[in-house]
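> If you scroll down you'll find the structure; I have some questions about it.
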Amino acid sequence: MATPKIVITTAASDCYHARETCELFQAGRATARTQGWTDADVQHMPLGEALVRRRPCSHCLR
Ligand SMILES: [Zn+2]
């Protein structure tokens with residue numbers, strides 16, 4: 001799957017994802033919830049910025 005020009009991440013994540021339906025993205029949010037954390041807002045980020053500040057998700061991006 002091609003990497004989109006805009007990817008998603010959250011302030012609490014060090015990864016970026018192609019889409020919100022990514023299983024790892026959803027699992028991470030579910031884990032945070034079980035630990036009593038409130039959901040971090042989903043942020044849309046240009047791929048160029050994400051490449052510098054985050055690493056790609058190993059599930060939805062390779
Ligand atoms: Zn992902």
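The values are calculated or read from the model by the stated rules, or taken from the named source; none is laboratory data. It should be emphasised that the depicted structure is a prediction, and the values quoted were computed from it without experimental measurement. Cβ placement follows ideal geometry from the backbone for every residue including glycine, while neighbour counts extend to all protein chains displayed. Only protein heavy atoms, including side chains, enter the accessible area calculation; ligands, DNA and RNA are left aside. Shrake-Rupley method; radii C 1.70, N 1.55, O 1.52, S 1.80 Å.
> Restricting the first residue to the stretch 24-46 and requiring it to be over 20 Å from VAL7 (Cβ atoms), which pairs with a second residue that is modelled with pLDDT under 90 and open to solvent by 60 Å² or more (accessible area, probe 1.4 Å) meet a Cβ separation below 8 Å and a spacing of at least six or different chains?
Hits for this filter: ARG33/ASP39; TRP37/ALA12.
> Can I ask one more? When you check GLU49 against the structure, is it touching a His at 6+ places or on another chain (Cβ under 8 Å) and of a type outside the set (Ser, Thr, Tyr), yes or no? Outline the logic, then answer.
Numbers: touching a His at 6+ places or on another chain (Cβ under 8 Å): no; of a type outside the set (Ser, Thr, Tyr): yes.
When the stated conditions are applied, GLU49 does not pass them.
> Between ARG62, ARG19, ARG53, which is open to solvent by 30 Å² or more (accessible area, probe 1.4 Å) and away from the ligand (no atom under 14 Å from the Cβ)? Show your work before the answer.
Details: ARG62 fails: away from the ligand (no atom under 14 Å from the Cβ); ARG19 fails: away from the ligand (no atom under 14 Å from the Cβ).
Unique residue meeting the criteria: ARG53.
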